[in-house]
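This report refers to the structure that appears directly beneath it.
The values are calculated or read from the model by the stated rules, or taken from the named source; none is laboratory data. In this text, all values refer to a predicted model and were calculated from it rather than measured experimentally. Heads up, the Cβs are rebuilt from the backbone with ideal geometry, glycines too, and the neighbour counts pull from every protein chain shown. Side chains are part of the model used for accessible areas, which takes the heavy atoms of the whole protein and leaves out ligands, DNA and RNA. Shrake-Rupley method; radii C 1.70, N 1.55, O 1.52, S 1.80 Å.
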Amino acid sequence: MRPPCLLPLLSLLALTPGMAAAEETGGEVRARAEPVPTPRNFVNLRVGGSTANDNRRPELCLELSPVSFLSVEGCGTGSGFLHGDPEPEVAHFRAKLRLMSFDSEQWGTFQPFLAGGMAEAQVGEDDPGFQFGGTDARGVSTAGPEMGVGLRYLFPLASGFELVGDFNLGMAWLPHGPELVKPQDTWLPSASLSFGVGF
């Protein structure tokens, strides 16, 4: 017969391996439960298409993000410096305010945003500058404010680079659109989708 004082000691020794396994399992659960870090994208270059362009050229977008929740971008087909096509196109210059971020280790990061800025419509070979109070001398371009909403997608690649996707819905107000040589509507909706790489 074992002395009564050894019973608690033997019970404790018998439970020790189970407690260690439970602690290890708990540690694994804690490691899996840690939040996935949101990629910090500073600059990206994307290529895609927009319903606002009729010149059959891809839309190019350059986006810069000085702070994590705010970025500025310019999008267009490069009229005036990459080509001189006279076909209608719309260039966008806007700021994007990130509303929130949904992170998934498997699927990447999704970030809805609000956008605001200006749009320039042109129906002929583009001239330098923006015309907010009317049209240019040839009646081929005019500009106005634009608002929109969108969704950015980020997926880590390697060495700090990310795959970047952007879907944007916008509405521009061009009060002098009907005065262009090829009249345009005052309200110009657009939808665009683009993909590229950033860091």
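Would you confirm, using the coordinates I've provided, whether LEU114 is closer than 20 Å to LEU62 by Cβ and in contact (Cβ under 8 Å) with a residue 60 or more places away in the chain? Answer is no for this residue.
Candidates MET147, MET118, MET100: the one that is modelled with pLDDT of 95 or more, farther than 18 Å from ASN55 by Cβ and in a loop (DSSP other than H, G, I, E, B) is MET100.
Residue check: is PHE113 under 21 Å from PHE69 (Cβ atoms) and either among the charged types (D, E, K, R) or outside any loop (DSSP other than H, G, I, E, B) (or both)? Let's see the steps before the verdict.
Numbers: under 21 Å from PHE69 (Cβ atoms): yes; either among the charged types (D, E, K, R) or outside any loop (DSSP other than H, G, I, E, B) (or both): yes.
So PHE113 passes the test.
Output the residues belonging to region 122-143 that are in contact with a His (Cβ under 9 Å, 6 or more places away or on another chain) and closer than 18 Å to GLU73 by Cβ.
So the first thing to find is which residues in region 122-143 are in contact with a His (Cβ under 9 Å, 6 or more places away or on another chain), and the list is 131-135, 142-143.
Correct list: ALA143 only.
Picking from residues in region 49-72 that are within 13 Å of the chain's Cα centre (by Cα) and open to solvent by 10 Å² or more (accessible area, probe 1.4 Å), the one that is modelled with the lowest pLDDT is SER68. Among the residues of region 141-163, those that are touching a residue at least 12 places away in the same chain (Cβ under 8 Å), open to solvent by 10 Å² or more (accessible area, probe 1.4 Å) and among the hydrophobic types (A, V, I, L, M, F, W, C) comprise MET147, VAL149, LEU151, PHE155, LEU157, PHE161, LEU163.
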